[in-house]
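Worksheet: one structure, shown below.
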């Protein structure tokens, strides 16, 4: 299962409608997508709209519902929150954007009031090897953080084929995936 865990649409600061960016991912063989628009920009019907899209995509791809939070305990640094049926996944976003050292990443992981399940080892789809190190002891994911069509399909994870969001979330938490790059 080819999974994109960090995607933006025109519901926040992306340039494409959800349908346009989802179609671009489907054309590149993705079967698991997480729409994660910025929480402070969301319209009131955001999750209801994505839930309708999830039902339309049911036979083609698994759509995960999420948001990117400006996490105040970290002076607005970003945290992905992806919701499953009963599970939640929290991913520390693009640590390079905040010039964090691996030690500072782990300090945030240990001091967070929300359990941090994984960290991105990419920045806008580009590999950041300084975070793909043993000092960071939680799973490390590759994401596009796509805002535009040209950013689609540069970095992702691959898991077993799953039917439910909770299965994907548990696999990520356990580190049962491979990171991939175009």
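The values are calculated or read from the model by the stated rules, or taken from the named source; none is laboratory data. The model shown is predicted, which means the values in this text are computed figures rather than measured ones. Cβ placement follows ideal geometry from the backbone for every residue including glycine, while neighbour counts extend to all protein chains displayed.
Quick notes
Residue by residue, here is whether (1) part of a strand (DSSP E or B); (2) crowded, with 19+ Cβ neighbours inside 10 Å holds:
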{"residue": "12", "(1), (2)": "no, yes"}
{"residue": "15", "(1), (2)": "no, no"}
{"residue": "19", "(1), (2)": "no, no"}
{"residue": "64", "(1), (2)": "yes, yes"}
{"residue": "79", "(1), (2)": "yes, yes"}
{"residue": "91", "(1), (2)": "yes, yes"}
{"residue": "100", "(1), (2)": "no, yes"}
{"residue": "107", "(1), (2)": "no, no"}
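- Options 113, 102, 129: the member that is out of contact with any strand residue (DSSP E or B) (no Cβ under 8 Å at 6 or more places or on another chain) and at pLDDT below 95: 113
- Among (1) part of a helix (DSSP H, G or I); (2) within 16 Å of the chain's Cα centre (by Cα), the one test that residue 6 misses: (1)
- Test result for residue 31, in contact with a strand residue (DSSP E or B) (Cβ under 8 Å, 6 or more places away or on another chain) and touching a residue at least 60 places away in the same chain (Cβ under 8 Å): yes
- Of the listed requirements (1) on the phi > 0 side of the Ramachandran plot; (2) buried (at least 16 other Cβ atoms within 10 Å of the Cβ), residue 75 misses just one: (2).
- Looking only at the stretch 21-56, residues that are within 22 Å of residue 142 (Cβ to Cβ) and in a helix (DSSP H, G or I) come to 7 in all.
- Between 81, 103, the distinction of being free of Cβ contacts under 8 Å to residues at least 60 places away in the same chain and under 14 Å from the mean Cα position of the chain (by Cα) belongs to 81 only.
- Which listed residue, of 130, 120, is at negative phi and surrounded by fewer than 18 Cβ atoms within 10 Å (Cβ to Cβ): 130
- Screening residue 70 with (1) outside any strand (DSSP E or B); (2) over 28 Å from residue 160 (Cα atoms) gives one miss only, at (1).
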